[in-house]
Structure formats: C-alpha cells, structure tokens
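The values are calculated or read from the model by the stated rules, or taken from the named source; none is laboratory data. If you're wondering where the values come from, they're calculated on a predicted model, not measured in any experiment. When we count neighbours, we look across all protein chains shown, and the Cβ atoms used for this are built from the backbone with ideal geometry, even at glycine.
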Amino acid sequence: MERKPRRRGLELAAIQPHDRVLEVAVGTGAALIEILKRVDKANVVHGLDLSPRMLEKTRRAVARSGFTNVDLRQGDARSLPFDDNSFDILFNSYMLDLIPLDDMPVVLDEFRRVLKKNGRLVLVNMSKDHEITVWERFYRATPARMVPYIYGGCRPVLMEGAVRAAGFRDVQREFVKNTLSSEVVVARK
C-alpha cells in the first residue's frame, strides 16, 4: 500500500549521484535500497531508525542487494545524530503519521538543521484530501490508550502547513490517491 506513494516521493526527490542523502525512519529498507541505486557507489547514504529490529531488517536487505556504501544508525528523529548542514536530501516516509502532533515541530526543526542550504526535504505520509476521513473519525473517537493497539498509531496528516511554519520554502504537496491515500511534500531549506 505504501509502494506507489513512496516511489513518487523518490521521483520528486530527484536524487543525483553526488547527493548526500539521509533517510530518517528506514523501516525495512525498501526506500533506502532505491536511494542507494540512485547515488554513486562511493557516496555513503545515511539511514536512521528508532527501532533496532527495523535496522536489522534494513541491514539484511541492504546486504542482500549488494550495497556497502551505507551508514545505518539507531536514533531519534527529535535529536538527529548528525552535524548541521550535512545533507542535500532528507527523505522520510510513513513516520510523521505515527508520531504525536506535539513532536512534529521538533522533528521538522531537526530535519531543517541537518539539511544544507537549498537542501531538499521529501516527506511521504498517510494523508487525506483535506476532508475528515472515516478512518480519522474512528481514530479520534478511540480512547488514546487504545490507538496503538487498534491502528498502530497511524492517522492521516497534512504536513504542508507545518513544513512552511518550520521555515522551509518552495513547499509543494502532491496527494496520491491509493488504497492507503498519502501525500508527498517536497520543500527546500
């Protein structure tokens, strides 16, 4: 369900062979492998995930694909373990629809901090076409303590305004209608 929107996000990222790329929330490694295919083999791609189990899955997937130009780290998107102005592209998919709304400004500030001047931010999220969805109504009506068990924590988000508020420019949003509708938000630092 995530393949089509994630593929569109990678297209819009317009990754070049020399770009320094960071993927935050690598998950199982599907997007990271696609990123590795787009960069020069001498160019190290950086990946981060909060979950050691997801990092292990990613390590195995990357190894099966034959790539060695990768730096995988465990870490939290609210405090990225990278220097300021380090990356040309930051790619993040299906993480912001999981985190608490109060954490989004902190995460976006961290994304902006590690991007170089004119660096590109690419976000892919479970989203909606601006109206309240049936899914969202159920989500809102469910007691907060039950949300992770019933929905896995997911709910649609609209990130275009939050990305603008975080100081990004040239913000563009593309809605991708799919089984699991999503948005791709692209912006520059």
Report, by residue number, each residue of the stretch 99-110 that is among the aliphatic types (A, V, I, L, M), over 15 Å from residue 161 (Cβ atoms) and at pLDDT below 95.
-> 99
The residue that is modelled with the highest pLDDT, considering only those in the stretch 150-184 that are basic (Lys, Arg) and assigned to a loop (DSSP other than H, G, I, E, B), is 177
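Residue by residue, here is whether (1) over 13 Å from the mean Cα position of the chain (by Cα); (2) part of a loop (DSSP other than H, G, I, E, B); (3) farther than 18 Å from residue 184 by Cβ holds:
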{"position": "32", "(1), (2), (3)": "no, no, no"}
{"position": "40", "(1), (2), (3)": "yes, yes, yes"}
{"position": "54", "(1), (2), (3)": "yes, no, yes"}
{"position": "59", "(1), (2), (3)": "yes, no, yes"}
{"position": "67", "(1), (2), (3)": "yes, yes, yes"}
{"position": "81", "(1), (2), (3)": "yes, yes, yes"}
When you look at residue 24, is it farther than 13 Å from residue 95 by Cβ, crowded, with 20+ Cβ neighbours inside 10 Å and hydrophobic (A, V, I, L, M, F, W, C), yes or no?
-> no
For the subset of the stretch 111-149 comprising residues that are surrounded by 14 or more Cβ atoms within 10 Å (Cβ to Cβ) and basic (Lys, Arg), which member is modelled with the lowest pLDDT?
-> 128
Residue pairs within 6 Å by beta carbon, gap of at least six or interchain, first lying in the stretch 2-20 and closer than 22 Å to residue 72 by Cα, second assigned to a helix (DSSP H, G or I) and among the charged types (D, E, K, R), listed first then second, are 10/34; 15/38
Being surrounded by fewer than 17 Cβ atoms within 10 Å (Cβ to Cβ) and of a type in the set (Gly, Ala, Ser) is the filter here, so list the residues in the stretch 45-59 that pass it.
-> 51
Across the stretch 1-55, the tally of residues that are modelled with pLDDT under 95 and among the acidic types (Asp, Glu) stands at 1
